Amino acid sequence: MSTVQEEGILLRSHPYSESSRVVRILTPERGVLPLMARGLRRRVEKGEGGVDTFDQVRIVYTFRSGRDLQTLTELDVVRSRQGLGRDLVRFAGASLLAEFLLAHALEEGSPALSQEMEGALDLLLDRPLEQVPGVLLSAGWRLLVHLGFAPELGRCVRCGAELDEEAPLLRFSAGQGGLLCQGCGGDSAGSRLGPGARNDLRSLLAGRPPEGLRGALVHLALLEVFALNHLAPNRPFQSVALVRAGLGSTVAR
């Protein structure tokens with residue numbers, strides 16, 4: 001048994017007993033870490049040590065190899081992200097990103113992935129509302145890239161042929177992992193993307209959300225179906241409906 005101190009992001013918390021909670025925290029060294037927080041509910045009810053989902057936290061815990069739940073002994077908030085709850089699209093978007101990580105059951109650390117998630121949450125919190133859709137969609141794709149599921153946009157995922165950048169429409173196959181050439185795409189299911197949508201998708205993947213992103217709901221559908229195919233084929237993401245509602249209201253403004 002060893003005592004470990006780390007910093008991470010609180011992704012999820014649920015009651016375990018009258019006084020305790022189970023928390024899941026994304027850490028750079030151990031991935032998504034499940035912890036038993038004994039007495040946390042009681043301290044929060046007394047106004048001590050309040051913590052919100054998506055907060056940046058510093059934790060101390062005892063680690064025993066082979067245990068499903070480690071024991072949390074200390075938790076302090078380093079940066080509050082309570083402001084994510086001020087509108088639907090920010091909070092639902094953060095929830096969807098957390099679902100991606102939890103669906104992957106990440107058990108190995110990745111400092112780059114943790115940094116990507118931390119940066120995404122800060123952008124969702126701080127950017128003007130009109131920029132939030134692009135930030136969210138870019139962050140979703142970037143997390144998938146870090147998890148090893150980057151879509152192929154340069155060559156046909158079926159035959160390997162180089163794609164025609166000027167093609168008016170190309171089929172995007174989530175199941176096969178990316179774009180299909182015109183010859184292979186004729187008998188395949190999936191959305192058809194024009195040059196503008198394909199360029200926007202490349203920008204989102206690169207972490208550069210286009211100014212005035214068009215078709216945010218279409219891009220959300222692409223992200224959802226791709227993530228479902230590669231992360232959670234049997235379990236839909238519960239946050240998607242809320243994200244869709246939030247994006248719809250944001251676009252309407």
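Within the stretch 52-87, if we keep just the residues that are assigned to a loop (DSSP other than H, G, I, E, B) and touching a strand residue (DSSP E or B) at 6+ places or on another chain (Cβ under 6 Å), the residue that is nearest to Leu35 (Cα to Cα) turns out to be Leu69.
Evaluating Val145 against the criteria (1) out of contact with any strand residue (DSSP E or B) (no Cβ under 9 Å at 6 or more places or on another chain); (2) surrounded by 15 or more Cβ atoms within 10 Å (Cβ to Cβ); (3) modelled with pLDDT under 95 leaves one unmet condition, (3).
The condition (being hydrophobic (A, V, I, L, M, F, W, C) and at pLDDT 95 or above) is satisfied by just one residue among Leu213, Leu180, Leu231: Leu180. Of the residues making up the stretch 195-210, those that are within 18 Å of Val89 (Cα to Cα) and either exposed (fewer than 12 other Cβ atoms within 10 Å of the Cβ) or of a type in the set (A, V, I, L, M, F, W, C) (or both) number 1. Taken over the stretch 103-115, the criterion of being at pLDDT 95 or above and either touching a Phe, Trp or Tyr at 6+ places or on another chain (Cβ under 8 Å) or surrounded by fewer than 18 Cβ atoms within 10 Å (Cβ to Cβ) (or both) is satisfied by Pro111, Ala112, Gln115. Comparison of Leu180, Leu163 shows that the only residue that is within 26 Å of the chain's Cα centre (by Cα) and buried (at least 19 other Cβ atoms within 10 Å of the Cβ) is Leu180. Scanning the stretch 115-132 for any residue that is closer than 30 Å to Ser65 by Cβ, in contact with an Asp or Glu (Cβ under 7 Å, 6 or more places away or on another chain) and not assigned by TED's automatic domain parsing to the domain that holds Ile25 turns up nothing. In this structure, does Arg214 turn out to be closer than 28 Å to Leu123 by Cα and assigned to a loop (DSSP other than H, G, I, E, B)? Yes.
So that you can scan it fast, the table gives a plain yes or no per residue for (1) of a type in the set (D, E, K, R); (2) over 18 Å from the mean Cα position of the chain (by Cα):
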{"position": "Val60", "(1), (2)": "no, yes"}
{"position": "Asp76", "(1), (2)": "yes, yes"}
{"position": "Gly93", "(1), (2)": "no, no"}
{"position": "Glu99", "(1), (2)": "yes, no"}
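Considering the stretch 138-152, the residues that are part of a loop (DSSP other than H, G, I, E, B) and out of contact with any Gly (no Cβ under 9 Å at 6 or more places or on another chain) include one that is nearest to Glu107 (Cα to Cα), namely Leu147. Flag not set for Thr53, criterion: at pLDDT 90 or above, of a type outside the set (Lys, Arg) and loosely packed, with under 14 Cβ neighbours inside 10 Å.
Of the numbered conditions (1) of a type in the set (S, T, N, Q); (2) more than 26 Å from the chain's Cα centre (by Cα); (3) modelled with pLDDT of 95 or more, Ser188 satisfies every one except a single condition; which is it? (3) is the only condition that Ser188 fails. Please go through the stretch 159-172 and give me each residue that is within 17 Å of Asp200 (Cα to Cα) and assigned to a strand (DSSP E or B), ordered by number. Within the stretch 159-172, Leu170, Arg171, Phe172 qualify.
The values are calculated or read from the model by the stated rules, or taken from the named source; none is laboratory data. As the structure is a computational prediction, the values presented were derived from the model and not from experiment. With ideal geometry, Cβ positions are generated from the backbone for all residues, glycine too; neighbour counts draw on all protein chains shown.
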